[in-house]
1. Which of the residues belonging to the range 148-161 are touching a residue at least 12 places away in the same chain (Cβ under 8 Å) and on the phi < 0 side of the Ramachandran plot?
2. Given the conditions (1) in contact with a Ser or Thr (Cβ under 6 Å, 6 or more places away or on another chain); (2) surrounded by 22 or more Cβ atoms within 10 Å (Cβ to Cβ), and given that L95 satisfies all but one, which numbered condition is not satisfied?
3. Here are some residues: M127, M121. Which one is aliphatic (A, V, I, L, M) and surrounded by fewer than 19 Cβ atoms within 10 Å (Cβ to Cβ)?
4. So E81 passes all but one of these: (1) more than 23 Å from K104 (Cα to Cα); (2) part of a helix (DSSP H, G or I). Which condition number does it fail?
5. If you go through the range 27-49, how many residues are in a helix (DSSP H, G or I), more than 20 Å from F167 (Cβ to Cβ) and modelled with pLDDT of 90 or more?
6. Looking only at the range 168-204, which residues are closer than 19 Å to Y36 by Cα, of a type in the set (A, V, I, L, M) and touching a residue at least 12 places away in the same chain (Cβ under 8 Å)?
7. What's the total number of residues in the range 174-209 that are touching a Gly at 6+ places or on another chain (Cβ under 7 Å), crowded, with 23+ Cβ neighbours inside 10 Å and not aromatic (F, W, Y)?
8. For the range 175-189, enumerate the residues that are of a type in the set (S, T, Y) and either assigned to a helix (DSSP H, G or I) or touching a Lys or Arg at 6+ places or on another chain (Cβ under 8 Å) (or both).
Amino acid sequence: MKIKRYNDIVVDSMVEHFIQSLEMVTESDETENEDYKSVLRKIVSDLNLNFRLIGTFGFGIGAFMPIILNIMKNASLSQVEITKETVVLLALTSLSIIYLEEKKTKSPKEEVEMTKDSKSMLEELRMRGIGDGIVKKVIKCLKSVTGVFKIFGKHVGAVIGGIIDMFAYGAMLAPICVSLADIINKYKLNLDTMPENFLMLASGVATIVAKHTIAHVIKKLKSKLKLPKKIEDKIEDEVEEMEEPTIQKTLGNSRLGSEIINDNKNK
């Protein structure tokens, strides 16, 4: 009998809890999205930001809120008041910087506007006790979500190059993020421990693929993931050999985000 290492036991536990949590996600777990959108509109108006931000991140803000809220609570930052507005602002700032890093801007004008807004939001966060170091850690945490998402995305035809691409698959994004937030809460993950643990979680979920059971898992969860009929049919018929994917640490190129933060700090 093979004796498992402690890390293997923890990973197995996280994977099991993640799948169970995903099965139990309900519509009520996603209802706060509209409330977050309202807070987002207020922030954009109060800080005189470009209203394009609402269209770009409107849904994504709500999906990522449980994750950011939990890691901030677990970080035990005594100088920071964790309010819904602060969490939304932190999410909007981080996602805006990631948007620039992943080069999703459609024109030089949009890039200039997004850069300007990012600097304004960073300054506002500083006044709320949230420094640049925290923002960088939140960005790293958000990027670590892609490892898990890509594994499910691969089997529904989702092309995910980075975290912003996940916004196009909202029906999957919301329940997966709710379940990942539950993992953060259960295992008390914080700004420093979330990326590494999510890398292990992604590896553990990938093991399901290696064992040829991911189709059965997705089939079981298809009502939660709101899959198109053609994808459901594909999953039903999936019997061919599946190769074990290589899980890489997809934390992205943070150079551009660091430049924005550092440039703004020096002014």
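The values are calculated or read from the model by the stated rules, or taken from the named source; none is laboratory data. Since the model is a prediction, treat every value here as computed from it, not as a measurement. When we count neighbours, we look across all protein chains shown, and the Cβ atoms used for this are built from the backbone with ideal geometry, even at glycine.
1. Answer for the range 148-161, where residues must be touching a residue at least 12 places away in the same chain (Cβ under 8 Å) and on the phi < 0 side of the Ramachandran plot: V148, F149, K150, I151, F152, G153, K154, H155, V156, A158, I160, G161.
2. (1)
3. Every option except M127 fails the conditions.
4. (2)
5. 3
6. Of everything in the range 168-204, those that are closer than 19 Å to Y36 by Cα, of a type in the set (A, V, I, L, M) and touching a residue at least 12 places away in the same chain (Cβ under 8 Å) turn out to be A171, M172, L173, A174, I176, V178, L180, A181.
7. Qualifying residue count, the range 174-209: 1.
8. Of everything in the range 175-189, just one residue is of a type in the set (S, T, Y) and either assigned to a helix (DSSP H, G or I) or touching a Lys or Arg at 6+ places or on another chain (Cβ under 8 Å) (or both), namely S179.
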